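The values are calculated or read from the model by the stated rules, or taken from the named source; none is laboratory data. Keep in mind it's a predicted model, so treat the numbers as computed, not measured. FYI the Cβ positions are ideal-geometry reconstructions off the backbone, even for glycines, and counts take in every protein chain you see.
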Amino acid sequence: MDCARTIKRLGAKQVKVIYRRAEEQMPAEEKEIQDAKKEGIEFLFKNNIVKIIGKNKVEKVELIKTELVKKENEERLVPVNIENSNYQIDADYIIMALGSKVESYVKDLGLKTNKWGNIEVNEEYQTSNPKIYAGGDLAGTKSTVAWASYSGREAAKNIIKNLK
Ligand SMILES: Cc1cc2nc3c(=O)[nH]c(=O)nc-3n(C[C@H](O)[C@H](O)[C@H](O)COP(=O)(O)OP(=O)(O)OC[C@H]3O[C@@H](n4cnc5c(N)ncnc54)[C@H](O)[C@@H]3O)c2cc1C
């Protein structure tokens with residue numbers, strides 16, 4: 001949401017936010033969505049990206065419409081692509097704002113992890129290997145910038161303390 005609004009203020013003529021689910025499911029504050037709309041940002045709800053098209057630069061994006069279905073063991077409605085509903089829109093710049101997961105190699109470090117694959121840390125941000133500390137998304141479920149900065153700083157303090 002911040003990227004869309006910032007790029008519009010920086011002078012982009014047309015900004016479109018493509019979102020797989022519906023407006024009600026969007027993980028953004030309602031006020032942010034309404035303010036963004038007032039600023040001229042268009043929302044393509046229930047649309048998924050199929051591919052980015054272009055020779056030496058982005059020229060178009062191929063989208064597909066989605067429908068939301070209730071699936072077992074899923075709390076949120078799941079977007080499912082509607083077959084043959086593909087279409088293309090012009091685009092010259094794309095900002096990816098996607099969720100991310102812990103890299104698979106992290107499990108090869110042999111550290112204790114929780115059921116989501118995050119590294120477990122104690123109150124000093126120390127992992128199951130006392131020589132390794134962790135913070136941020138890798139070591140928690142809070143997933144905010146504030147938590148990442150805080151835990152990184154606290155881990156660093158504890159490393160210094162324990163070295164001394
Ligand atoms: C779309 C989106 C919107 C978000 N909006 C907000 C928001 O509004 N407010 C908020 O507080 N949080 C938001 N977050 C969450 C926030 O971005 C994260 O919680 C935060 O960035 C976590 O910081 P981090 O340092 O733990 O990890 P990251 O920011 O992911 O940093 C990890 C870094 O490690 C690098 N890396 C990975 N593997 C290797 C390797 N093998 N070698 C070297 N480097 C490597 C990566 O390239 C990356 O730069 C959002 C996240 C997403 C995806």
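Key figures
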quantity: One residue from Lys115, Lys107 being without any contact (Cβ under 8 Å) to a residue 12 or more places away in the chain, loosely packed, with under 12 Cβ neighbours inside 10 Å and farther than 23 Å from Arg20 by Cα; calculated: Lys115
quantity: Residue match in the range 91-99 (condition: β-branched (Val, Ile, Thr) and either within 15 Å of the ligand (Cβ to nearest atom) or free of Cβ contacts under 8 Å to residues at least 12 places away in the same chain (or both)); calculated: yes
quantity: Where Ile7 falls short, out of the listed (1) of a type outside the set (Asp, Glu); (2) part of a strand (DSSP E or B); (3) within 15 Å of the ligand (Cβ to nearest atom); (4) in contact (Cβ under 8 Å) with a residue 40 or more places away in the chain; calculated: (2)
quantity: Count - residues of the range 66-93 that are exposed (fewer than 13 other Cβ atoms within 10 Å of the Cβ) and within 23 Å of the chain's Cα centre (by Cα); calculated: 9
quantity: Within the range 140-152, tally of residues that are surrounded by 12 or more Cβ atoms within 10 Å (Cβ to Cβ) and at pLDDT 90 or above; calculated: 6
quantity: Qualifying residues in the range 1-49 (those that are more than 20 Å from the chain's Cα centre (by Cα) and of a type in the set (A, V, I, L, M)) - the one farthest from Ala91 (Cα to Cα); calculated: Leu10
quantity: Single residue of Asn84, Asn129, Asn56 found to be at positive phi and more than 16 Å from the ligand (Cβ to nearest atom); calculated: Asn84
